[in-house]
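The next block holds one structure in the form of structure tokens; read it before the comments.
Just so it is clear, none of the values below were taken in a lab; they were calculated from the coordinates. These numbers were taken from a predicted model, which means no experiment stands behind them. When we count neighbours, we look across all protein chains shown, and the Cβ atoms used for this are built from the backbone with ideal geometry, even at glycine.
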Amino acid sequence: MAETKEFAFNLTFPFSRTLGATLSTFSSAIAEGQIIGVRTGGRVIAPPLEYDPDTGADSGTDWVKVGPKGTVTSWTWVPKPTNLHPLDRPFAFAFITLDGADTAMIHAVDAGSESAMSAGMRVEAKFKPPAECVGRIDDIIAFTPATDPSPSVDAGQPFTAPDENDITEMDAFCDLTYVDNASPTTMMWADALMAGRLIGQKCPQCARTVIGPRGMCSVCAIELDESH
């Protein structure tokens, strides 16, 4: 019987998505260095959602300026970042309630050390240079400890969106790595491939030959093993 092992798979692909009215307004504002939320159901949600999470109703277009300062409500320290993390040095992921908002957003906090982090600390957004901003959430490089803990100027004030947003589509990239526990059938299939052979399993009921590491006949729903 083939030994069960683990296989690591890496799936990567680029894709584009249309943003819709809500996210295109948010992205266009981010590209200009302004974070916004939407007022719906008596509270300001930031970043804005297309639908009220409590009622499912359309969130509307009552845009509100929020930040750039905020308050950390909870956090976790990342001592060894990988190439997929937003920073190349130890940092914190934190829930941050921006000034003028009633909900928290998650982002990186570049605090320098774990001991510098605390719930209730004041932080402020650090944006990329304007020429490099494209409307992505990572236009905000990270939040850093606020040099001045006073409230943000204009936070909670109305934001007037343009008639047409500059950013309506976003390019993105998926990079997913996962580990799969290979069944004996998969191991037989993999060993045969490495030997330059294609193998199948014959269903004892319908006599169809199943190609690939399925381990069952999809027609008869019969489990197939090494004997088939």
Report ³J(HN,Hα) in whole Hz for each residue of segment 136-142, in order, from the Karplus equation J = 6.51 cos²θ - 1.76 cosθ + 1.60 where θ = phi - 60°; Gly and Pro get x. 8, 5, 7, 4, 7, 4, 5
Volume per residue that the Cα convex hull of segment 95-154 spans, once the total is divided by residue count, Å³: 109 Å³
Counting only trypsin sites (Lys or Arg not before Pro) that are in a DSSP loop and have at most 14 other C-beta atoms within 10 Å, tell me the longest site-free stretch of the chain. 1-196
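Using the scaling law 2.2 N^0.38 Å as the reference, what is the normalised Cα Rg of segment 1-106? Walk me through the intermediate numbers first.
Numbers: Rg = 18.7 Å, N = 106, 2.2 N^0.38 = 12.9 Å.
Ratio of Rg to 2.2 N^0.38 Å for segment 1-106: 1.44.
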Which residues' amide hydrogens lie under 5 Å from the amide hydrogen of LYS5, considering only partners 5 or more residues apart or on another chain, with H built in the peptide plane? ALA182
Calculated on alpha-carbon atoms, Rg and Dmax of segment 41-98 in Å: 15.5, 41
Bin all alpha-carbon pair distances of segment 20-167 at 10 Å intervals from 0 and give each bin's fraction as a whole percent. 12, 40, 35, 12, 1
If the label point is 7 Å along Cα→Cβ of GLN157, which residues in segment 1-40 have backbone nitrogen under 16 Å from it? 33-37
Once amide H atoms are placed 1.01 Å from N in the peptide plane, what residues at a sequence separation of 5 or more from ASP62, or on another chain, have their amide H within under 5 Å of its amide H? ARG39
Between segment 78-145 and segment 26-41, what is the separation of their alpha carbon centroids in Å? 17 Å
With x for Gly and Pro, the residue-by-residue ³J(HN,Hα) of segment 109-123, computed from phi through the Karplus equation 6.51 cos²θ - 1.76 cosθ + 1.60 at θ = phi - 60° and given in whole Hz, is 10, 8, 9, x, 7, 4, 5, 7, 8, 6, 5, x, 5, 8, 10
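Mind sorting CYS133, CYS220 by how few other Cβ atoms lie within 10 Å of their own Cβ, fewest first?
Numbers: CYS133 17, CYS220 13.
By the 10 Å Cβ count, ascending: CYS220, CYS133.
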Under the 7 Å Cα-to-Cβ spin-label approximation, ALA116 and ALA190 lie apart by a distance in nanometres of 4.4 nm
ASP54-ALA21 pseudo-label distance in nm [points 7 Å out on the Cα-to-Cβ vector]: 2.2 nm
Could you tally up the Lys pairs in the chain with alpha carbons closer than 29 Å? Skip any pair fewer than 8 positions apart unless they're on separate chains. 9
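Two decimals is fine: what's Rg over Rh for segment 183-223, C-alpha atoms, Kirkwood radius as Rh?
On the way: Rg = 10.4 Å, Rh = 10.4 Å.
My calculation puts Rg/Rh at 0.99.
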Choice from SER28, SER218, SER59 showing the highest fluctuation, given a GNM over the chain with Cα pairs closer than 10 Å: SER218
